[in-house]
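For reference, the structure discussed in these notes is given below.
The values are calculated or read from the model by the stated rules, or taken from the named source; none is laboratory data. The structure displayed is predicted, hence computed values, not measured ones. Note: ideal-geometry Cβ built from the backbone for every residue, glycine included; neighbour counts use all protein chains shown. Note: areas computed on protein heavy atoms with side chains; ligands, DNA, RNA excluded. Shrake-Rupley method; radii C 1.70, N 1.55, O 1.52, S 1.80 Å.
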Amino acid sequence: MTATKRAFVMGHPIAHSRSPMLHGHWLKAHGIDGAYEKLDVAPADLAAFFAGFDAAGWVGGNVTVPHKSTVIPFLGRLDEAAKAMGAVNTLWWDGRTLVGGNTDAIGFIGNLDDRAPGWDGGAKRATILGAGGAARAAIYGLRARGLDVAIVNRTAGNAQELVDFFGAGVTAHGFDALPDLLSRSGLLVNATSLGMQGKPPLAVDLGALPAAATVCDIVYVPLETELLRAAKSRGNRAVDGLGMLLHQAVEGFRHWFGATPKVTEALRAELEADIRAKSPGA
Ligand code: ATR
């Protein structure tokens, strides 16, 4: 008899995480003897967590706020994306080496490919609102697909940091530049927390955006943000943020449990129902 394979998501706080629902769905669909557990690990307990990692027998797991960067010293190796982003969201074993990877960019691009096939057909340039961790992942993915990226952010220094990091093909702007940038963009991404339930609204005039452009929001509570509603009402394709969560999870599951899971409508529906149940009005 083989032991149950156990993976985790660790963060602080962690109660809100939807990853157990997501991986639980796939474990059932594949009939795998596995488990996926939520672990609340306070920053002060991080070293003890890794000291006990081997003995606990984990096959790997997900890492979320506030540990995405602080776990790095405890790992044997980082993949290219994690190195580039300075942040880790997935851990797995490569033989005896504990690897830290970052699948957020794969998740971001996978979501666009899934929900708006051909989105980059005519798109040479993307405009991204925001300059935090989510923006960094989106830029990494978009540069890999060959798009130029214009970052629009409230704090110029934060956008400039990303320009310095990514180099050619990435530029920084204030919100005043938005109409001009939109008129030349095939993709608009909201990577700020604006528009999320409980946060201030995101007020963007889409008037200059070409009709063929796609609009993507990283926010998924609510599922349909004001930005996506406005995009749809003028005929633009609109992609919500839930798919990024679903697609970023595929690689981890594959490493831990040895099967490549699918992002299906049934899985989406299960998570959508949970979001609506826990956030009425979303
Ligand atoms: P994450 O890592 O999840 O992307 P973050 O690092 O907190 O989150 O980034 C949040 C982004 O939302 C930032 O780009 C932030 O802009 P600043 O760099 O100017 O802080 C943006 N943001 C948050 N609240 C905002 C607001 N009220 N107006 C404009 N931008 C805001």
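Relative to the Cα centre, the charge distribution of region 106-243, modelled as +1 at Lys and Arg Cβ and -1 at Asp and Glu Cβ, gives a dipole magnitude of about 160 debye. For region 193-282, carbon and sulfur atoms together expose 55% of the accessible surface, with a 1.4 angstrom probe and every protein chain in place. Note on the chain: Kirkwood radius taken over Cα pairs, Stokes-Einstein applied at 20 °C and 1.002 mPa s, translational D equal to 109 µm² s⁻¹.
Spacing of the modelled spin labels on Glu161 and Asp94, each 7 Å from Cα toward Cβ, amounts to 2.8 nm. In region 205-267, the C-alpha radius of gyration followed by the widest Cα-Cα span (Dmax) gives 15.0, 47 angstrom. A helix-only calculation puts the chain at -10500 deg cm²/dmol for mean residue ellipticity at 222 nm, using -39500 (n - 2.57) for each DSSP H run of at least four residues, averaged over all residues. Using a probe of 1.4 angstrom and keeping all protein chains present, the accessible surface of region 154-263 works out to 45 square angstrom per residue.
Between Ile72 and Ala51, full extension at 0.36 nm per residue minus the direct alpha carbon distance yields a gain of 6.2 nm.
How large a share of the accessible area of region 92-162, in percent, is made up of carbon and sulfur atoms when the probe is 1.4 Å and the other protein chains stay in place? Answer for region 92-162 is 46 percent, counting heavy atoms of protein chains only. Label positions at Ile275 and Thr260, each projected 7 Å from the Cα along the C-beta direction, are separated by 2.6 nm. All alpha carbon pair distances within region 166-282 were sorted into 5 Å bins beginning at 0; the resulting P(r) in whole percents reads 2, 10, 17, 19, 18, 14, 11, 7, 2, 0.
Annotation: the antiparallel percentage among DSSP beta bridges lying fully within the chain is about 20.
Enumerate the amide H contacts of Val149 below 5 Å, restricted to partners 5 or more residues apart or on another chain; note that Pro and chain-start residues carry no placed amide H. Those lying under 5 Å, H to H, from Val149 are Ala126, Val170, Thr171. The residue among Val204, Ala134, Leu187 whose Cα reaches farthest toward the positive pole of the charge dipole of region 106-243, with charges on the beta-carbon of Lys, Arg, Asp and Glu, is Leu187.
Among the listed pairs Lys68/Lys199; Lys38/Lys232; Lys68/Lys278; Lys232/Lys262; Lys38/Lys124, those whose Cα-Cα separation exceeds 30 Å are Lys38/Lys232; Lys38/Lys124. Taken along its three principal axes, the alpha carbon spread of region 1-108 comes to 35, 33, 29 Å, from the longest extent down to the shortest.
Non-local amide H neighbours of Gly60 (under 5 Å, H modeled in plane, Pro and chain starts lacking H): which ones? Distant-sequence amide H within range of Gly60: Phe8. Each 5 Å bin from zero holds the following percent of Cα-Cα pairs in region 106-243: 2, 11, 23, 26, 23, 12, 3, 0.
In this label model, His12 and Ala168 are separated by 4.3 nm, measuring between points 7 Å along each Cα→Cβ vector. Of all the options Gly76, Gly243, Gly110, the one that moves most in a Gaussian network model of the chain with Cα springs shorter than 10 angstrom is Gly76.
A dipole drawn for the chain from +1 and -1 charges on Cβ atoms has a positive end, and of Val9, Trp256, Thr171 the residue lying farthest that way is Trp256. Give me the net charge of Leu187's neighbourhood, meaning all other residues with Cβ under 14 Å from the Cβ of Leu187; Lys, Arg count +1, Asp, Glu -1. That sum, taken over residues with Cβ under 14 Å, equals +3. On the beta carbon distance between Ala3 and Ala44, with R0 = 41 Å, the FRET formula returns roughly 0.85.
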